[in-house]
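Please read the structure below before turning to the comments.
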Amino acid sequence: MRGLVLEFDRMSNSGLISGDDGRRYRFVAAELRSSGSVRGGDTVDFVPAGDEAREIFVLVATGGSESGVTIVPADRSLWGWFVFVFTMRGEWKGRARRKEYWAFSLFALLILLVACLPLAGYDEADENWGLYLPLVLVSLAMVPGSIKVLIRRLHDVGLSGWFYLATLVPWLGSLFSLIVALIPSQDRTNRWGPPAAPR
């Protein structure tokens with residue numbers, strides 16, 4: 001069977017393959033039959049044995065992601081998802097599951113609330129513009145991540161990233177974002193890549 005390597009951890013010498021049948025298979029480096037190493041995004045051929053992949057041959061070593069699709073690890077902590085989205089440099093392709101979207105939204109909100117602390121207790125904060133500086137800087141830092149994670153979330157439910165423009169419509173855009181954030185992921189490979197880890 002053919003599949004796509006979703007992740008490979010060099011520390012544990014183990015990884016995860018998304019098979020063409022839509023299932024995920026765990027593997028260990030000892031099952032690699034090709035010379036060299038394997039990385040996320042490599043196309044492989046393997047023999048499925050339950051939920052494990054055996055006799056793995058690398059067919060196309062992409063050395064990263066295939067077709068510009070972001071390959072992400074199977075699971076992370078909520079903070080891990082926030083850091084992943086926040087540090088993605090210019091990556092608009094791929095899919096983002098609900099957990100990734102909500103984790104980023106949660107920590108972005110918490111960080112924005114912390115940035116508002118200098119304004120607490122000031123009745124006339126408008127007289128001192130310097131108090132707004134942390135809030136403005138943090139807000140600007142969150143904009144790229146917010147756009148990227150929503151576009152990738154749109155991809156995960158099967159919609160084009162251009163639907164992001166709908167979020168610019170007052171009130172209805174917020175409702176649209178909420179609906180997209182709640183819709184379950186497509187459980188099959190779509191034009192933006194294989195399904196993310198559990199939804």
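Each value in this text was obtained by applying a stated rule to the coordinates, not by laboratory testing. As the structure is a computational prediction, the values presented were derived from the model and not from experiment. Neighbour counts are summed over all protein chains in view; Cβ atoms, including those assigned to glycine, are modelled from backbone coordinates with ideal geometry.
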> When the Karplus curve 6.51 cos²θ - 1.76 cosθ + 1.60 is applied with θ = phi - 60°, which whole-Hz ³J(HN,Hα) does each residue of segment 166-177 get, with x for Gly and Pro?
Replying inline: 5, 6, 7, 7, x, 6, 5, x, 5, 5, 4, 4
> Of the GluC sites (Glu not before Pro) in segment 93-199, which ones lie in a loop per DSSP and count no more than 10 other C-beta atoms within 10 Å?
Replying inline: 124
>> Using amide H atoms built in the peptide plane, which far-off residues or other-chain residues are under 5 Å from residue 56 H to H?
In response: 32, 33
> Nearest 20 debye, what's the magnitude of the dipole of segment 4-45 about its Cα centre given +1 on Lys and Arg Cβ and -1 on Asp and Glu Cβ?
Replying inline: 120
> Around residue 22, what is the net charge, scoring Lys/Arg as +1 and Asp/Glu as -1 over all other residues with Cβ under 9 Å from its Cβ?
Replying inline: 0
> Which far-off residues, 5 or more places away or on another chain, put their amide H under 5 Å from the one on residue 94, with H placed in the peptide plane?
Replying inline: 70
> All other residues with a Cβ under 9 Å from the Cβ of residue 101 taken together, and with Lys, Arg as +1 and Asp, Glu as -1, what is their net charge?
Replying inline: +3
